[in-house]
Amino acid sequence: MSQRVLREETRVIYQMGTTITLKVAHEDPAWLLTELEGLLLDYEARFSANDANSELMAVNHAAGQHPVVVDPELFELIKIGKDHSCAADSQLNIAIGPLVQKWRIGFTDAKVLTPSEVNTLLPLTDPQQIHLNEQEQSVFLAKKGMLIDLGSLAKGYIADKLRMYCQQNQATYVLINLGGNIVTYGSAPNHQDGFWRIGIRDPQGARQQSLEIIKIKDASLVTSGIYERYLKQGTSVYHHIIDPKTGFPTKSDLASLTIISQSSLEGEIWTTRLFGLSLPQIMAQLTNQSGLEGILVTKENQVIHTSGIKENDLERNI
């Protein structure tokens, strides 16, 4: 019986508005990477709020008019998103689309909204007005002008699906980086302990500068931060994380929040749900959620870890 010959290959692509890095070890890595690229295209065509022809935008275009039957995966993600959007004290709101599309922070046509503009849009961001029909697998936005935005969930969902595909196709190890949303599977090839080393970015430094490095294996790391996408106007800086209650960029002592979890979707959910709460509230909620660990970086670059992150999980000699 012939032995499998494993080869490592890395592919870097620009998709979903970000740089994506895929590293796999497989007997035919080029085939597997091409399959993953195809999956990424499929998911972008389903979930994108910036592509007028996506399946999600078909739901948004029908707002206030009629329900739209959608793919089961899109229905599943909208259902998960609505549940977390309606939870008490949640900063996540998948109905925030009208505000995100008006602010456009991170895009060349970004602008600062007036209080009057925000107050006009806030009534269109009620997640309770997303009506789901399980039997028909249909989604109906009750008010004209509503827009679902899955930007706070989709990358995590997609990363989990890509990892599952790699597992099903006998990849030996995998590193998926969807623009800072990182998933690992299998043992890291360059370290005897098998752990992957992932840098926690210094919000005040250059892109490649890290405050510390954390070791993870068969896990996900997701970071939300205010330093990547922002708009400067005069002396004011407006970042892209919008507070669903005020309609303006979230006020927070945090520069970034990183969550380590088994599921990348779960990491996405909780970085978004918690960003904007006070530091004690964030720590309390993370403590109450099993399987989640967090790294909080304040605007003063103070680093705070949840209790499950031990000293030997970190490398500081950077």
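Just a few scattered comments:
- Filter result for SER256 (open to solvent by 20 Å² or more (accessible area, probe 1.4 Å) and within 21 Å of the chain's Cα centre (by Cα)): no
- ARG104 vs. criteria more than 17 Å from the chain's Cα centre (by Cα), surrounded by 13 or more Cβ atoms within 10 Å (Cβ to Cβ), more than 30 Å from TYR173 (Cβ to Cβ) and without any contact (Cβ under 8 Å) to a residue 60 or more places away in the chain: yes
- Within segment 68-82, the set of residues being within 12 Å of GLN129 (Cα to Cα) and open to solvent by 40 Å² or more (accessible area, probe 1.4 Å) is empty.
- Any pair with Cβ under 6 angstrom, 6 or more apart, that starts in segment 160-176 at a residue that is touching a residue at least 60 places away in the same chain (Cβ under 8 Å) and ends at one that is buried (at least 18 other Cβ atoms within 10 Å of the Cβ) and among the small types (Gly, Ala, Ser): ASP160/SER263; ASP160/SER264; THR172/ALA25; THR172/GLY186; TYR173/ALA25; TYR173/GLY186; ILE176/ALA159
- Number of the exception - SER90 against (1) at pLDDT 95 or above; (2) surrounded by 15 or more Cβ atoms within 10 Å (Cβ to Cβ); (3) touching a Lys or Arg at 6+ places or on another chain (Cβ under 9 Å); (4) polar (S, T, N, Q): (1)
- Condition check for TYR157: within 29 Å of ILE94 (Cα to Cα), modelled with pLDDT under 90 and not aliphatic (A, V, I, L, M): no
- Test: ALA49 is surrounded by 14 or more Cβ atoms within 10 Å (Cβ to Cβ) and modelled with pLDDT of 95 or more: no
- The single condition among (1) surrounded by 14 or more Cβ atoms within 10 Å (Cβ to Cβ); (2) out of contact with any helix residue (DSSP H, G or I) (no Cβ under 6 Å at 6 or more places or on another chain); (3) part of a strand (DSSP E or B) that THR19 does not meet is (1).
- Cβ separations smaller than 6 Å between residues 6+ apart or across chains give the following pairs from segment 231-250 residues that are surrounded by fewer than 18 Cβ atoms within 10 Å (Cβ to Cβ) to residues that are of a type in the set (Ser, Thr, Tyr) and at pLDDT below 80: VAL237/TYR230.
The values are calculated or read from the model by the stated rules, or taken from the named source; none is laboratory data. Predicted model only: the values in this text are computed from it and were never measured. Every residue, glycine among them, receives a Cβ derived from its backbone with ideal geometry; neighbour counts consider all protein chains shown. Only protein heavy atoms, including side chains, enter the accessible area calculation; ligands, DNA and RNA are left aside. Shrake-Rupley method; radii C 1.70, N 1.55, O 1.52, S 1.80 Å.
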